[in-house]
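The values are calculated or read from the model by the stated rules, or taken from the named source; none is laboratory data. Bear in mind that the values here come from a model prediction, so they are computed numbers and not experimental data. FYI the Cβ positions are ideal-geometry reconstructions off the backbone, even for glycines, and counts take in every protein chain you see. Heads up: the accessible areas ignore ligands, DNA and RNA and are worked out on the full protein's heavy atoms, side chains in. Shrake-Rupley method; radii C 1.70, N 1.55, O 1.52, S 1.80 Å.
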Amino acid sequence: MKYAYECPHHDCGFTLEANDDAALERRVARHDAREHRRKFDRARFEDRLEVS
């Protein structure tokens, strides 16, 4: 399986793909903390997660 995520923050443009959803979750949490200074929101992550 392949997982993809696109940041919902306006004009951010951050996208990421991974083969492991746990690794993708960690990277997205790190991005949220560094770039947007917010805590990781699992519900938002799951809503934006694309699986192929």
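Accessible area, 1.4 Å probe, largest first: how do Cys12, Cys7 sort?
Numbers: Cys12 45, Cys7 10 Å².
Ranking Cys12, Cys7 by accessible area, largest first, yields Cys12, Cys7.
Taking Cα atoms, how many degrees apart are the long axis of helix 21-36 and the longest axis of the chain, rounded to 10 and kept between 0 and 90?
Compared with the principal axis, the helix lies near 10 degrees.
Between Phe14 and residues 5 or more places away or on another chain, which pairs have amide H atoms under 5 Å apart, with H built 1.01 Å from N, and which residues are they?
Amide H neighbours of Phe14, under 5 Å, 5+ apart: Cys7.
Share of the chain's accessible area from carbon and sulfur, percent, 1.4 Å?
Details: 1620 of 3870 Å².
Taking all protein chains in place, the chain shows 42 percent carbon and sulfur surface.
Quick one: accessible area per residue over region 1-41, 1.4 Å probe, rounded to a whole number of Å²?
Values: 2960 Å² over 41 residues.
Accessible surface, normalised per residue, equals 72 Å².
Can you tell me the dipole magnitude for the chain around its Cα centre, using point charges on the Cβ only (Lys, Arg +1; Asp, Glu -1), in Debye to the nearest 20? Don't skip to the answer; put the middle values down first.
On the way: 11 positive and 12 negative charges, 66 e Å.
Around 320 debye, computed over the chain.
Averaging over all projection directions, find the projected area of the Cα convex hull of the chain and quote it in nm² with one decimal place. Could you put the intermediate results ahead of the total?
On the way: hull surface 12.8 nm².
Averaged projected hull area, Cα only: 3.2 nm².
Quick one: check the C-alpha center-to-center distance for region 34-52 versus region 1-28, whole angstrom.
Cα centroid of region 34-52 versus Cα centroid of region 1-28: 7 Å apart.
Per DSSP H run of at least 4 residues, take -39500 (n - 2.57); add these up for the chain, divide by its residues and hand me the 222 nm value, nearest 500 deg cm²/dmol. Don't skip to the answer; put the middle values down first.
Values: 2 runs with 23 residues, N = 52.
Computed mean residue ellipticity for the chain: -13500 deg cm²/dmol.
Cut-off 10 angstrom, C-alpha nodes, Gaussian network model of the chain. Which of Asp11, Asp21, Asp32 fluctuates the most?
Asp11
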